[in-house]
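Structure first, then comments.
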Amino acid sequence: MPALPFALVRRPLVLAIPLLALLFLALHSASSHPSVSRTLQLDKLDKVRPAILSRLGEYDWAWGGGKGGLLGAGWDEWEDAELGAMGAGVKRRVAEVEARCVGEDEWEKEYGRTNLRLSRGYEGSHQRVRDFLAKLLRGEDVTISTIGGSVTAGHHVWDNEVWFYKFGEWLDSWFPSSSIRKVNGAAPATGSDYFSFCFSLHIPTDSDLVLVELGVNDEGLPEHADNMENLLRGLLELPAKPAVVLVEAMAFSAGGMGGGGGRFHLPVAQYYDVPVINQRHPLAAHFARFPQLVRPYFAQDWWGNPDTRHLNSRGHRDLAMLIASFFKDVMCQHLSEPDFAVPSRQPVAHPLSEATDISFADQVAALDLDTERYLSVLERHWPTQSQHWSRPVPRPDDVPADQWEERTELMPGQWSGPLELGQVPRMRVADGWNPDIHHRLPAFHPTCLSARATDPAYNLTPTASDGWAHWVHDDHKDKPYLIASQPGATVEFELETNVGVVKIYSLKSQTFGLGKIACAVDGGESVIVDGYWEQSENIGRFAIIAEGLAPGTHTLACELLTETSDPGNGTEFRLISVMSV
């Protein structure tokens, strides 16, 4: 077994710096005992070796296709013996992708770099996208999912023409070694208000990438900023820490030239470091100058007119390629960096991070090591503004000057550093400033009972019902409801709450003859929910029935009313889901 040298050699990789810190900890601990020499043998690191292996196991220390020495002479032979085909597979996949990157950019030729830039409403740090692509470079099996409305559900196009399908095809072509599971969880007539509570009924919770297309179905209303924030927090906090990307399809049917809900999604996505691909940006003003381009880009309604809410197959393909171009550019930019490395399947969790309610100073104090040396190794390739610094500790007013010993305290970098990227902020985007680091939002884990659930445990099944029934239109099997039409019909559900909020999600329509229901929780004050509205869209919307409830089980009861806003005196009501958190 070759010796593991204490000295670290040239060109350490930025992504490997936490590994250097791990090794330093091991060596520092061992070298504090006289019987252990500074040049250690691996067989004397039995307790440390598994941890090192778990972090180095899938690394391919490559730059420019070659193999560099992270740990010096002798390590390469040991790495080859330990990694075997795994290391060779990573290197082969990196070389294959690298070869594609140096070829002609097909999308720059087709769309132009300017239009590609215009489509990128926000790129962000790329951190979680890089983490997802690293899984593909390691040859792992992954799951990609999407949630969206009727555009993503494939209204007026074949399944194999939907943008999500086309993007999956491209991903398969670039990473043939991985098995890429694809789950389309779109639901027509549905927005972020529904998905923020019910996304887990539509996509796997172990998804590695989630693409969110809700800019068309969400109107340009401030409430959709809150809905999108709840959705993003729920997705980003999933155990697999998926990459999340917002996707806005081209449409003119809601929100005007500047878009609908996407106008309120964007600042939320920026705060949460979630990339945004917006097909509208390079096309809206162009189509306004040349209206004859609308018909070739959108599906047609039953009367042969352009349906400016739904793309045709050409529009779907373009949207897919805009997304693929972004992923390709992130991958190729990453590979071109001199310190590129494929990170470990089990990345190092560094103690000095924001994802804790312990202050930076207390975290540093808890490290039983040479702190300055540890941080100097960890941060040696960080931007200078992200590196730690020291400041004098001010003398308290009640301590005399002759009794005060001058000292300094470590401060985190003034600007965010690499270890913070991809983390979920501790406060909401619209919260006021709160310096108390113990003030942290709890994880968002809502309950959703839905007529669209495929898992029986989450079906919209009442605990009591009189006059309500499950129903689906023969021509729209993807839109099931729990409905009632006779005034006086009642329905009850039992729901668990932690935060104390109960909502319902129901259909709104101008033309379907919908009426009103009165709902209350535990016999409290009733809330009237109207199924009629004067907007042209037929789409679901939620209503808050109760807030401030005590944690525990509560009963939601609703009754169909005789009173109606429908001009034709319709009283039918279509319930889609009930929700609590």
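Here are some notes:
- When G540 is tested against (1) modelled with pLDDT under 95; (2) assigned to a strand (DSSP E or B); (3) open to solvent by 20 Å² or more (accessible area, probe 1.4 Å), exactly one condition is not met: (3).
- Region 90-107: number of residues that are open to solvent by 40 Å² or more (accessible area, probe 1.4 Å) and touching a residue at least 24 places away in the same chain (Cβ under 8 Å): 4
- Within region 496-511, being buried (at least 17 other Cβ atoms within 10 Å of the Cβ) and under 10 Å from A546 (Cβ atoms) holds for T497, V501, V502, K503.
- Count of region 378-423 residues which are hydroxyl-bearing (S, T, Y) and within 28 Å of the chain's Cα centre (by Cα): 2
- A single member of L549, L556, L575 is open to solvent by 20 Å² or more (accessible area, probe 1.4 Å) and either of a type in the set (A, V, I, L, M) or touching a Lys or Arg at 6+ places or on another chain (Cβ under 6 Å) (or both), and it is L549.
- Just one of (1) within 24 Å of S536 (Cβ to Cβ); (2) in a helix (DSSP H, G or I) fails for A187. It is (2).
- Of all residues in region 203-215, those satisfying the criterion of being touching a helix residue (DSSP H, G or I) at 6+ places or on another chain (Cβ under 7 Å) and in a loop (DSSP other than H, G, I, E, B) are D208, L214, G215.
- Listed here are the strands (runs of 3 or more DSSP E) enclosed by region 263-332 that have at least 1 residues being open to solvent by 30 Å² or more (accessible area, probe 1.4 Å): 298-300, 306-311.
- Pairs, first under 15 Å from E494 (Cβ atoms) and of a type in the set (D, E, K, R) in region 519-540, second crowded, with 17+ Cβ neighbours inside 10 Å and modelled with pLDDT of 95 or more, C-beta under 6 Å, six or more apart: D522/H554
- Tally of residues being surrounded by fewer than 16 Cβ atoms within 10 Å (Cβ to Cβ) and among the aromatic types (F, W, Y) across region 145-178: 1
- Residue list for region 216-262, restricted to those being assigned to a helix (DSSP H, G or I) and over 12 Å from the mean Cα position of the chain (by Cα): E223, H224, A225, D226, N227, G262
- The strands (runs of 3 or more DSSP E) found wholly in region 360-462 and carrying at least 2 residues that are open to solvent by 80 Å² or more (accessible area, probe 1.4 Å) and either farther than 30 Å from G540 by Cα or hydrophobic (A, V, I, L, M, F, W, C) (or both) occupy 389-392.
- Search result, residues across region 202-224 that are aliphatic (A, V, I, L, M) and surrounded by fewer than 21 Cβ atoms within 10 Å (Cβ to Cβ): L221
- Residue list for region 493-537, restricted to those being within 18 Å of S577 (Cβ to Cβ), in a loop (DSSP other than H, G, I, E, B), hydrophobic (A, V, I, L, M, F, W, C) and touching a Ser or Thr at 6+ places or on another chain (Cβ under 8 Å): V501
- Being open to solvent by less than 10 Å² (accessible area, probe 1.4 Å) and touching a Leu at 6+ places or on another chain (Cβ under 7 Å) is a property that does not hold for A251.
The values are calculated or read from the model by the stated rules, or taken from the named source; none is laboratory data. Since we're looking at a predicted model, the values are computed, not measured. For neighbour counting, all protein chains shown are included, and Cβ atoms are generated from backbone atoms with ideal geometry for every residue, glycine included. All accessible areas refer to the heavy atoms of the entire protein, side chains included, with ligands and DNA or RNA removed. Shrake-Rupley method; radii C 1.70, N 1.55, O 1.52, S 1.80 Å.
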